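Structure first, then comments.
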Amino acid sequence: MWILPLVGYLGLGLGFGFLTLAIASGLYYLSELVEEHTVVAKRLLTRLIYGVIGIQTLLTLIDGFPFMLSLLSIFSHVVYLGNMRRFPIVKLSDPLFILSCVLVLLNHYVWFNHFSFSSLVLKPASRYDPSDLPTFTEIASYFGLCVWLVPFSLFVSLSASDNVLPTMGSEAPGMPGASGDGKNRRQGMFKVVVDVVRDWLGELGRVAGWNKPDRGF
């Protein structure tokens, strides 16, 4: 068969594209909700961080997770909690924010190595022997909840300070005479990234001749 595999690849690509667009649209909507309800979002994110720290503590005490790696994970979430001081505004040059970005990558690296090494050491000698290896679902759930959830939530929720300050020649937001077109409105970093990509694709289409302006008579 020649055509059916091509149809399968085409369907897989379209499905992945639609899934990506659906996730991006949902996160874009969540970013707008955070802009409108910052107090509630701050409370939820703070409780989420404390919850992840509690889960990591239980995994260490009950399931025997490595103490040093668990301590690194708990320390990382304490650093993430420090970004809530001026929520939802963050300064990209803030050492605490830079340290948070480094800790996200470091946590992913050390825990990935831990589970990879465990799969080699704890591998049962026979298929009939009981296995203490965590399943793929358990590992993926751990990474989603204890490694990626809080940093990704902060990325969707926080607003870069560069997107809050008015540009030169414009008046401060909320002051008399300030323009109400929403250009100085605080925007989340994820929303800014989506807007930049959308504008870049639109400009690319215009240069390539895909988006031709309608000509009136």
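Couple of notes before you dig in:
- Residues located in the stretch 74-112, provided they are outside any helix (DSSP H, G or I) and either open to solvent by 70 Å² or more (accessible area, probe 1.4 Å) or touching a strand residue (DSSP E or B) at 6+ places or on another chain (Cβ under 8 Å) (or both): ASN83, ARG85, ARG86, PRO88, ILE89, VAL90, LYS91, LEU92, SER93
- Looking only at the stretch 114-161, and only at residues there that are among the aliphatic types (A, V, I, L, M) and not in a helix (DSSP H, G or I), the one that is modelled with the highest pLDDT: LEU133
- Being more than 12 Å from PRO88 (Cα to Cα), in a helix (DSSP H, G or I) and of a type in the set (S, T, N, Q) is a property that does not hold for SER31.
- Boolean, HIS77 is over 21 Å from LEU158 (Cα atoms) and touching a residue at least 12 places away in the same chain (Cβ under 8 Å): no
- Verdict on SER25 being more than 22 Å from GLY82 (Cα to Cα) and assigned to a helix (DSSP H, G or I): yes
- Subset of the stretch 17-76 (residues that are more than 17 Å from SER141 (Cβ to Cβ), of a type in the set (Asp, Glu) and out of contact with any Lys or Arg (no Cβ under 9 Å at 6 or more places or on another chain)): GLU36
- Residue within the stretch 8-25 that is surrounded by 11 or more Cβ atoms within 10 Å (Cβ to Cβ) and within 19 Å of the chain's Cα centre (by Cα) present: yes
- Any hit, the stretch 97-106, residues being over 12 Å from VAL147 (Cα atoms), touching a helix residue (DSSP H, G or I) at 6+ places or on another chain (Cβ under 9 Å) and among the aliphatic types (A, V, I, L, M): yes
- Residue match in the stretch 75-90 (condition: more than 16 Å from TRP148 (Cβ to Cβ), out of contact with any helix residue (DSSP H, G or I) (no Cβ under 6 Å at 6 or more places or on another chain) and at pLDDT 90 or above): yes
- Any hit, the stretch 64-73, residues being on the phi > 0 side of the Ramachandran plot and open to solvent by 40 Å² or more (accessible area, probe 1.4 Å): yes
The values are calculated or read from the model by the stated rules, or taken from the named source; none is laboratory data. All figures in this text were calculated on a predicted structure; none of them were measured in a lab. For neighbour counting, all protein chains shown are included, and Cβ atoms are generated from backbone atoms with ideal geometry for every residue, glycine included. Note: accessible area is taken over every heavy atom of the protein model, side chains too, but ligands, DNA and RNA are not part of it. Shrake-Rupley method; radii C 1.70, N 1.55, O 1.52, S 1.80 Å.
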